[in-house]
Amino acid sequence: MTESQGEKRMMKYACPRCWRKYDLERERDHHYHYMDCSGEPEQAREPEQAKDADPFNVIVERRIERIRETLAAKREEYSRDGDKLYNFRRAAEFQRTTMKQVCWNFAMKHLVSVQDIATDAKTPPFAVSDEKIGDAINYLIILEAILDAERRGEA
C-alpha cells in the first residue's frame, strides 16, 4: 500500500513556538497545540554548537532540517487526495487568479516580517527570526513547486 492509498509514514512535527516534537500519526492535534501554544516551557532557542563547528554550516543544516519538518507537517495538514498544492489550487479558483499569485499573496505577510527584521536596529529574539525567515523560505519553495506544476501542465 502506498502513502497516497492511505498508509501514513511516521512524520516528525515540531511546533514553531515551543519546538515540541511529536509524530503526526500519534498526535493528530498538532494544529490545536500550535493554536494554544504559549511557547513555554521549551521556548525556541538557538541550537547549541560544537566549539569547532562552522556557525554558517550549522545554520544551513539546521534550516534544511526545519524546512523538511515544516513542509512535511503542512503537507499532511493541507493536502487532499495526494495534491500537495490543493489549498493553492482552491484559493486560486476562489480568487479567480493563479496559484503563483495566491502563493505570492500568502508569502507577502512573511516577507514583510523579514523586511522588518532586516531594517530594525534591534536584533529580534532567535525564536522570532527563526520562524519568520523559515516561513518566507517555505513559501518560496512552494512557489517553485507551483512553477514546476505549471511547466508540467498540472497547475
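All of the numbers you see were taken from the coordinates with simple rules; none came from a lab. Remember, it's a predicted structure, so these values are computed and weren't measured experimentally. We place every Cβ from the backbone using ideal geometry, glycine too, and count neighbours over all the protein chains shown.
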Which whole-Hz ³J(HN,Hα) couplings does segment 100-109 yield from phi under the Karplus relation 6.51 cos²θ - 1.76 cosθ + 1.60, θ = phi - 60°, glycine and proline marked x?
-> 5, 5, 4, 4, 4, 4, 5, 5, 4, 4
Residue-wise, which Karplus ³J(HN,Hα) couplings in Hz belong to segment 140-155, taking 6.51 cos²θ - 1.76 cosθ + 1.60, θ = phi - 60°, and x for glycine or proline?
-> 5, 5, 5, 4, 4, 5, 5, 4, 5, 4, 4, 4, 8, x, 10, 9
By the gyration tensor of its Cα atoms, with a ≥ b ≥ c the square roots of the eigenvalues, what is the shape of segment 65-155: rounded for a/c under 1.5, prolate for a/b over b/c, or oblate?
-> prolate
At R0 = 25 Å, FRET efficiency that the Cβ-Cβ distance of S129 and S79 yields, to 0.05 = 0.35
Once you list every other residue whose beta carbon is under 12 Å from the beta carbon of V102, what net charge do they have if Lys and Arg are +1 and Asp and Glu are -1?
-> +3
Within the set of other residues whose C-beta is less than 15 Å from the C-beta of E154, count the net charge using Lys and Arg as +1 and Asp and Glu as -1.
-> +1
Report the local net charge at N57: Lys and Arg +1, Asp and Glu -1, summed over other residues whose C-beta lies under 13 Å from its C-beta.
-> -2
Apply the Karplus parameterisation 6.51 cos²θ - 1.76 cosθ + 1.60, with θ equal to phi minus 60°, to every residue of segment 68-85 and state each ³J(HN,Hα) to the nearest whole Hz, in sequence, with x for glycine and proline.
-> 4, 4, 5, 5, 5, 5, 5, 4, 5, 6, 10, 7, 9, 6, x, 8, 5, 9
